[in-house]
Amino acid sequence: MIVIAVACYFLLFALLVSLVAFAPARSAAVRFGTRAAHGLGLASRRLSGRLVTHPAREVAMWLARAAHQARVHRGRLLLIGAVLCTPSLAVLALHARPVFDFADSTMAPDRHITALLAGERLAAPPPLAPEIFTTREVELVRPATAWASRDWALLDDGFRQRLLTVFKLMRERYGYEMVLLEGYRSPERQAVLAALGPHVTRATPGMSYHQYGLAADSAFLRDGRLVISAQDPWTKRGYELYGALAATAGLTWGGQWRMRDLGHVELRRPGVLARTRADALADTD
């Protein structure tokens, strides 16, 4: 695609240069433009005169002639369309939507959160009953959650303390009880989830912070039931508060991505995913 775009731009540039540098080319272009303008003007006058007396018939005849000419010169029309559209399509391809948005979406640290992180270490909550994660709603919104890892010990220590702090403030400030849906994710599980389709994840093994214990997916517990979907106003508001607190704790919230993942937060560390890309390239050599 890049080669085609460069070739098209080169042809257009060469055409412009020839018009500027060579007098015969300019003369030919002027004659062509004059004839085209004259022809269009004459056709327009004839058509406007005929439309006054027989509008429907003349429009139908004009459309029929246009369709005939399009069929006769379809090869030229396709070539012209390709030349005109290729540069725009190349730009769109080169600016394709990324799977991950690596822009920094964190906010200035909250003084309360900073104090909590510098103070006593928070302990992970006790595990919940397995049946909480096997309801129909959970399976519809987040497939395969039942066998996801919710072992807090497998998370990176710094990330774990930040996430526990956010959970604590969500409960104390806003009355939302947070639940860890999935923390560490093995490469094998990542491959299975990626195979389910882009509505689940677009990340291949090694390309998610879950594989490094630096990401987590969470939801809310209300009246003993796990609530994930943001269709409910209460849940939607909870995700907004959760995202704001996560950002002030130095985490990146998935709700700000183009492919929104409201329950996802991660602690980005420079070079973590870059090393995976380098290893993948080395394996293909």
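Here is a yes/no grid of residues against (1) in contact with an Asp or Glu (Cβ under 9 Å, 6 or more places away or on another chain); (2) hydrophobic (A, V, I, L, M, F, W, C):
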residue: 142; (1), (2): yes, no
residue: 145; (1), (2): yes, no
residue: 148; (1), (2): yes, yes
residue: 158; (1), (2): no, no
residue: 170; (1), (2): yes, yes
residue: 206; (1), (2): yes, no
residue: 210; (1), (2): yes, no
residue: 213; (1), (2): yes, no
residue: 218; (1), (2): yes, no
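Take residue 153 and tell me if it is modelled with pLDDT of 95 or more and surrounded by fewer than 16 Cβ atoms within 10 Å (Cβ to Cβ). The answer is yes for residue 153. Every condition in (1) in contact with a helix residue (DSSP H, G or I) (Cβ under 8 Å, 6 or more places away or on another chain); (2) without any contact (Cβ under 8 Å) to a residue 24 or more places away in the chain is met by residue 199 except one, and the failing one is (1).
Looking across segment 122-133, the residues that are assigned to a helix (DSSP H, G or I) and loosely packed, with under 14 Cβ neighbours inside 10 Å come down to 130, 131.
If I filter segment 225-235 for residues that are touching a Phe, Trp or Tyr at 6+ places or on another chain (Cβ under 9 Å), assigned to a strand (DSSP E or B) and hydroxyl-bearing (Ser, Thr, Tyr), do I get at least one hit? No.
Within segment 210-219, is even one residue open to solvent by 40 Å² or more (accessible area, probe 1.4 Å) and either touching a Pro at 6+ places or on another chain (Cβ under 8 Å) or under 24 Å from residue 136 (Cβ atoms) (or both)? Among the residues of segment 210-219, not one is open to solvent by 40 Å² or more (accessible area, probe 1.4 Å) and either touching a Pro at 6+ places or on another chain (Cβ under 8 Å) or under 24 Å from residue 136 (Cβ atoms) (or both), which makes the answer no.
Within segment 225-245, the set of residues being free of Cβ contacts under 8 Å to residues at least 60 places away in the same chain and open to solvent by 50 Å² or more (accessible area, probe 1.4 Å) comprises 231, 232, 233, 234, 236, 237, 240. The combined condition, being under 21 Å from residue 274 (Cα atoms) and either at pLDDT below 95 or open to solvent by 10 Å² or more (accessible area, probe 1.4 Å) (or both), is not fulfilled by residue 136.
In segment 65-82, the residues that are modelled with pLDDT under 70 form no Cβ pair under 6 Å with any partner that is in a loop (DSSP other than H, G, I, E, B), whether six or more places apart or across chains. Evaluation of residue 146 against the conditions (1) of a type in the set (A, V, I, L, M); (2) without any contact (Cβ under 8 Å) to a residue 24 or more places away in the chain; (3) assigned to a helix (DSSP H, G or I) shows that the sole unmet condition is (3).
The rows are residues; the columns are (1) modelled with pLDDT of 95 or more; (2) more than 21 Å from residue 132 (Cβ to Cβ).
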position	(1), (2)
166	yes, no
170	yes, no
180	yes, no
201	no, yes
206	no, yes
209	yes, yes
219	yes, no
233	no, yes
243	yes, yes
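With respect to the conditions (1) at pLDDT 95 or above; (2) open to solvent by less than 20 Å² (accessible area, probe 1.4 Å), residue 197 falls short on a single one, namely (1).
The values are calculated or read from the model by the stated rules, or taken from the named source; none is laboratory data. Treat the numbers as computed from the prediction; the structure is a model and nothing was measured. Here Cβ is always computed from backbone atoms with ideal geometry, including for glycine, and neighbour counts include all displayed protein chains. The accessibility values were calculated without ligands, DNA or RNA, using every heavy atom of the protein model including side chains. Shrake-Rupley method; radii C 1.70, N 1.55, O 1.52, S 1.80 Å.
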